[in-house]
Each structure stands twice: as structure tokens, then as C-alpha cells.
Amino acid sequence: MSSPAAAVPAALAVLEGVLERITYANEENGYTVARVDTGRGGDLLTVVGSLLGAQPGESLRMEGRWGSHAQYGKQFTVENYTTVLPATIQGIRRYLGSGLIKGIGPVMADRITTHFGVDTLDVIETEPKRLIEVPGLGPKRTKMIAAAWEEQKAIKEVMIFLQGVGVSTSIAVRIYKKYGDASISIVKNEPYRLAADVWGIGFLTADKIAQSVGIPHDSPERVKAGLQYALSQSTDQGHCYLPEEQLISDAVKLLQVDTGLVIDCLAELAADEGVVREKVPPQEGGEGDPVTAVYLVPFHRAEVSLAAQTRRLLRAPEDRMPAFRDVAWDKALAWLAERTGAELAPEQQAAVKLALTEKVAVLTGGPGCGKSFTVRSIVELARAKKAKVVLAAPTGRAAKRLAELTGAEASTVHRLLELKPGGDAAYDKDRPLDADLVVVDEASMLDLLLANKLVKAVAPGAHLLLVGDVDQLPSVGAGEVLRDLLADGGPVPSVRLTRIFRQAQQSGVVTNAHRINSGVPPITEGLPDFFLFVEDETEDAGRVTVDVAARRIPAKFGLNPRRDIQVLAPMHRGPAGAGALNGLLQQAITPARPDVPEKRFGGRVFRVGDKVTQIRNNYEKGQNGVFNGTVGVVTSLSLDDQRLTVLTDEDEEVPYDFDELDELAHAYAVTIHRSQGSEYPAVVIPVTTGAWMMLQRNLLYTAVTRAKKLVVLVGSRKAIGQAVRTVSAGRRCTALDHRLAGRIERSRATAQTAL
């Protein structure tokens, strides 16, 4: 019996046409679906493939293969293409109006082409000053257009060079902005620099580029970059270091090279101070043989510094609040009760005394246990003795809440320290904050790097009070600072509030938060503020989540779906993940309208009114930087200026050029990790078996404690049971608790010599 003939691939063909519109573009890999006009009449033709950098209105000469799609019919798959500038007025108008050049939108493109006709592009290229002839174009704007034209020409060169490597348009723009005319040279000769220098390019992309320019698979440069990438990935997962054996194993798997080569390159990296190796006690309980920890340099410096600065504050001989050393506490607490109208419970009194007499202290406890009232009492007493009190929190929302609670000004930690471009703080050890008492709320959110900057800025003799719930998820960034400060045997004194006050006991939200934290399933029936919609299928749970957040809660409770209601998902992916839910919630809350401009970026669309969040620390934006997790609303969007503006939850207006939009994500739904430090009138939480690996007690506890008034769970009882039962497995790799307790005393130089 003869075998069937193998399928013969379609022959390579050439197609020429004008790019009419881009219907989809994946910013990660450059894959594009577009429609082109071949000039032969009839319908537009669909082309698919990597059309990196191509703009509507451009004439394209595409090489590829003809094929057919079951749903979309005949289409052309592009393998390579070149661009030709458009020759017709219509093509030029579409080309200029596509958003290619900042300062020219559809309206201005029409005016310019009406004035100059088919000579438009020649005028912009050779006589840009003549643009002033066009009504509505002044000298400032013509200069901007000329500069943008020159830049896009240079960018296009870089894009064409990167086209075969699958680098996205936005990344190509970033490479050009970082390196300018040196872009192609650096990409060819030092591709691994991109991973360190250009946000959005990780090791994997840089590695793909390196392979395409001929860097060997076993190059030491590649292996060292891979080791640093593996450490960087671990910090994204919260670790401050990796045990050496684990790092070597991860690198061998990532790089597919010999173990011996990885070991040699790691030794070279340590010798060149690209990483730090140091012996630290093991994680659990400190028993057993020491572990060789490998740190990226900034994380080692920060951990050593944070421990040293904390101990420095604790041991400072001076005291900026000496009045509390011999205060008559009975009288002080009686005065306080009269002023606030409420008596403090014994453990709250202990916390007040601790904060006002110890240089560094931690106050922890769950919801309804009186943390907020205790903080207010501490601030009242400190002010009564004329102390300078400074209040801060990691997020804008938490800072606003702290200000409302105490009646005093509060700011984010970043703004308090006045972080400058590059990430250095205006306030540090050499220029400390002018404060006698520094109070930081939501301290569970403080990661290692930010906590180090904060503690360095506290003046000797001043008091630092960190307030937070240690049972919540740890910080998004590396470290478990609050937990390490509370570790047994450490030098930092603390009080844990455990008594739930009678008023809080009437709240289903508070009651269920404590039940979950104790490993007991929440009560989901008969409560006015805590509900469960049972949906066993993940897809159904996603659909109901959107309906509850966008329609049912606003109708029943009168809450604003954009401002007052937050969907919190255990994970980003999947039908009930934050990614899919954002698209559905945007359709329901901020739908497309013909009279409102919008900007499509990759797979997302941005509109005025969109709720968005920043997804990276950017020290260059805003007054003191804009940071991962900052939330805001899009207040304006200009296609001409290729820019939109976000009003953040710190009431700061921050502009974003369209090529910076991969720093923003929609925030109608966010992951529970990203909700830390925020509080919302109502939260809706999809809890499904589709997120099985993420379902842990502290995750669900954190989500429920984000709500002030109302919690709605959507999902299956099985998934909720899994979350309540599952205690988070394992600690993050951090040695801060050991450093605070004095169990790691050797200097970095000594440690390296010993190794």
C-alpha cells in the first residue's frame, strides 16, 4: 500500500500593496494581522506574519506564501517585507495620519496633504520649515514634526535590522531611544547589554538576538548573562538570593550547557563583583550546615545595609522624643481617652508605649483588632509633646487612608524620600528626614530595596514605627521584611493585636477574614456583606464575576463600578484571570464610542475613562517617579500628540507617550498580589479550580481584607476549601532575620576571601 504524498508547501510568492489597517498586533513577538489594498479593485486582502514597524498607508513589497484560513478565507503569510513610501495623496494622508509622527493626527494629515499634495513627504524630508504654511501649524509644532520624522527614519533602520529576530515595535523604539545611532552596533556586538539596559528585554530576547548575530552557544558572556538572568528571575519571585546549587542547576537547564562551564563562569562573575557569594544560615530554624547564597549586588548591599541601619537606630544614644522616657502613663492614657472618646485595650496600650519609647517597633494584627485606632493614639500623644510626626505608606490609597485616620498629612514612601531619576533618594543617611517619629502603614508591602532606602533616611534618635498585617501576602518585590523584623530572637520589639473589637465582630468581612486566617471556611450565607455565587466551571465564574462587578453590585448597593468596586483574581491567565476579565469589564464599563478616540496597543485598547495600573518602577516619570502598582484613570488621549494622560491615585497627572503604553495595564481586575496596600469599598473575587496552584490561605486572606464593606466570592466551594486549607509552602530566600540577630557578622570582603 503506497503512503500518501507529503503535503507540498506553497511556493514563495511576492505581493505588493498598500497597508490599509492593522487589525491585530502582538507587541511581544511582532505577529500582525493586517489588511492591504492590492490596487486591483475588490475587497481588501488579509496578510499575517511579522510586519514589525509597518504603518498604515505604507506601500509594502512582501515575500511569503499563499494559504487559506478555515474562518477567514484566503490570506498571505508574510516572511519578509520592504517598505516603499506612498506615492498617492490618499496613501500619504493615511500614512501621516496613522500615528507614525508625533504632532500629526488624521485631521492635521488631511490639512498638510491638501496643501502640499503629492510633494508632502519631500517637503517634510527636505524643507520641513515650509510646514508653517499649513493653517494651524506654528513654529513649535513644525519643529516637533521635523524631529519626529528624522527619529522614525532612524528607528525604522533599527526595526528592519531587528525584524528577523522577532523583537516588537515598542522594544525597537526603546533600543533606539537608549542607544541612538549606536543601536545597531550594540545589538550586533553586545546583545546581552540589552537585557540589563532596556526595560522589556529580558535574557531570552537578548539571547535570541545574540544567536542571530553569531554569538556561540557556550560563550562565557552568554553564560554569565544567563546566571544574572536566573538571579533576576528569582528576585521577581521574591527571593533575595539563591542557594548556589539551585542557581547552577537553574542555569544549566536555562542555557543547555555543561555544569562545569556554569561553575567556572559563576566563579568569574563573583571575582568580577557581578554577584556576591556568602555563607548564610539555612532558612528553616537556622539549624544545619550553612548555605552558600548567591546575590545580585544591589540586593546583597540592601540586605546588609538594612540590618546595619536598623541596629544603628535601635542603639542610638540620643532620643528625639525624650518626654516619653518618664511620662506618667496613667495620666497620658486618661488624657488620650478623653480626647479620642475611647479607652485603649491593654495590648493597644502596650503598643502605644512601645512606639513612643523604643527607637524601632513593629505593630501587627488582623482586621478589626484596632491597629488604626492604636496608630491614631500614638500620633495624638506624640503631637501633644510637640514631636514632628511624618506619616507614609507604600501606595497612594494607603497614604490617603492614613491621612484620613490621623488628620495629618501622609504621603507615599517614594514621595517622602523624594526619589530622583535613577532611583536615588533625596533623603538618606547623610541627609535624614526632619522627623521625630516616622510611621509607615501597610509595612507588609515594603520590599527589601525600598525598606533599605526608608530606614537609611530615619535620623539617629528618631522613632520608626512599622504597622502591617504579617499574615498577608509578602511584598511584590524581593524580601519578607516585615516577617524578618518579627522573627524570634531578633532585636526589634513588637506588639501583635489579637482581640477583635465588638463593632468589628458584626462585620462578615472581618469575621470571615479571621476564619480564613485560622484555616476555617468562611460563612457564605445569611450575611449582609459577604456573598458567594457558586459556579463550578471557570468560564462561568469569569462571566458571573463581570456581571456582579459591572451590574449587580452597582444596582443593589449604589457603588460606582470604576471607583468603588475592584475585581481581585488569584492569577493573570485563564478565563477567570485578571487578563481576560479586564477585557470583559472594559467592554461593560468603558465601551467604545464613535466620538471618543482610542489607542490600540498590542492586544489592548486604551480609552478615556479606563482604569489602569503601572507595571514597572519608572523613576523618570512624574514628580518622584511612578511605581509598580500605582493605579489611575485615563483622563485624556490625543492621537495627534500620540500621548495619553493618567490621573494617579496620588492626584498627579502623568503623561504617557504611545510607545510607553506597555508600562500600563488595565486595572478593572488585578491580581491579588497587585492589590496589596489598597482598600476598596467592595471586592469581587473569582475563586476557581482553574487557579488551583495559586490557591493559598494568605492569598484569599489578603483579598478579603482589601474590602471595607462588601466581599463577593464567585466560584466553587472546592476551590475555596483548597485555598483555606493550603498554607503557603516555604519561605523566601532571605537572610535579613539572621543579619538582624547578628548571626552573619563577616564583611563582604571577608566572605569572598573565605570562598
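What Kirkwood hydrodynamic radius do you get for the stretch 197-338 when you take the inverse of the mean 1/r over all pairs of distinct Cα atoms, in Å? Don't skip to the answer; put the middle values down first.
Values: mean 1/r = 0.0538 Å⁻¹.
Averaging 1/r across every pair of different Cα atoms and inverting gives 18.6 Å.
Using a 1.4 angstrom probe, figure out how much accessible area the stretch 621-737 has per residue, in square angstrom, rounded to the nearest whole.
Working: 3710 Å² over 117 residues.
For the stretch 621-737, the solvent-accessible area averages 32 Å² per residue.
Under a 5 Å amide H cut-off, with hydrogens placed 1.01 Å from N, ILE215 pairs with nothing among residues at least 5 apart or on other chains.
Here the 3J(HN,Hα) profile of the stretch 476-482, calculated from phi with Karplus coefficients 6.51, -1.76 and 1.60 at θ = phi - 60°, is 5, x, 5, x, 9, 4, 4 Hz, Gly and Pro shown as x. The accessible surface of the chain, taken with every protein chain in place and a 1.4 Å probe, is 50 percent carbon and sulfur.
Applying the Karplus relation 6.51 cos²θ - 1.76 cosθ + 1.60 with θ = phi - 60° to the stretch 610-622 yields 3J(HN,Hα) values of 5, 8, 9, 9, 6, 10, 8, 6, 10, 6, 8, 9, x Hz, where x marks Gly and Pro. Per residue, the accessible area of the stretch 39-150 comes to 51 Å², computed with a 1.4 Å probe over protein heavy atoms only. Please work out the FRET efficiency for the pair ARG65 and ARG193, using the Cβ-Cβ distance as r and a Förster radius of 41 Å; give the result to the nearest 0.05. About 0.70, to the nearest 0.05.
Ranked highest first by average number of other Cβ atoms within 10 Å, how do 478-488, 11-21 line up? Spell out each step's value before the answer.
Numbers: 478-488: 22.9, 11-21: 15.6.
Descending packing order for the listed peptides: 478-488, 11-21.
Taking the inverse of the mean 1/r over every pair of distinct Cα atoms in the stretch 599-725 gives a Kirkwood hydrodynamic radius of 16.1 Å. A protection proxy built from the mean count of other Cβ atoms within 10 Å ranks the segments 71-79, 625-633, 639-647, most packed first, as 625-633, 639-647, 71-79.
Hey, which of these cross-link pairs are over 22 Å Cα-Cα: LYS102/LYS599; LYS353/LYS385; LYS400/LYS556; LYS385/LYS456; LYS331/LYS353? Violating the 22 Å Cα-Cα cut-off are LYS400/LYS556; LYS385/LYS456.
Per-residue accessible area (protein heavy atoms, 1.4 Å probe) orders ARG616, ARG604 as ARG604, ARG616, starting from the largest.
Computed over the chain, the per-residue total of -39500 (n - 2.57) for DSSP H runs of n ≥ 4 gives a 222 nm mean residue ellipticity of -11000 deg cm²/dmol, rounded to 500. Taking amide H as placed 1.01 Å from N in the peptide plane, the amide H of LEU497 sits under 5 Å from that of THR364, GLY365, each at least 5 places away or on another chain. Ordering of 171-183, 136-148, 298-310, 441-453 by packing is 441-453, 298-310, 171-183, 136-148, highest average first (other Cβ atoms within 10 Å, averaged per residue).
Structural descriptor for the chain: relative contact order 11 percent, calculated from alpha carbon pairs under 8 angstrom and at least 6 residues apart. Partner aspartates and glutamates whose Cα lies under 14 Å from the Cα of LYS253, excluding those fewer than 8 positions away in the same chain, are identified as ASP218, GLU245.
Just to check, using Stokes-Einstein with a Kirkwood Rh over alpha carbon pairs, what's the diffusion coefficient of the stretch 373-415 at 25 °C and 0.890 mPa s in µm²/s? Could the numbers behind the result be given before it?
Values: Rh = 10.4 Å.
Result for D is 235 µm²/s.
With all pairs of separate Cα atoms included, the stretch 265-403 yields a Kirkwood hydrodynamic radius of 18.8 Å.
How big, on average over all directions, is the shadow cast by the Cα convex hull of the stretch 84-128, in nm²?
Its Cα hull, projected and averaged over all orientations, spans 2.8 nm².
3J(HN,Hα) along the stretch 521-527: x, x, 7, 10, 9, x, 10 Hz, from the Karplus curve 6.51 cos²θ - 1.76 cosθ + 1.60 with θ = phi - 60°, whole Hz, x for Gly and Pro.
Computed over the stretch 256-309, the P(r) curve from all C-alpha pair distances, binned at 10 Å from the origin, holds 22, 39, 32, 7, 0 percent per bin. For the stretch 478-610, the alpha carbon convex hull comes to 198 Å³ per residue, rounded to a whole number.
Taking 1.306 mPa s as the viscosity and 10 °C as the temperature, the Stokes-Einstein diffusion coefficient of the stretch 304-347 based on its alpha-carbon Kirkwood radius rounds to 119 µm²/s.
Restricting to bridges with both residues inside the chain, how much of the DSSP beta-bridge set is antiparallel, in percent to the nearest 5? List each step's numbers first, then the result.
Details: 60 of 102 bridges.
That works out to approximately 60 percent antiparallel.
Only one item in (1) 33.3; (2) 48.3; (3) 40.3 matches mean projected area of the Cα convex hull in nm² derived from the coordinates shown, and that item is (3).
The values are calculated or read from the model by the stated rules, or taken from the named source; none is laboratory data. The model shown is predicted, which means the values in this text are computed figures rather than measured ones. Neighbour counts run over all protein chains shown; Cβ positions are idealised from the backbone, glycine included. Calculation scope for accessible area: heavy atoms of the full protein, side chains included, ligands and nucleic acids excluded. Shrake-Rupley method; radii C 1.70, N 1.55, O 1.52, S 1.80 Å.
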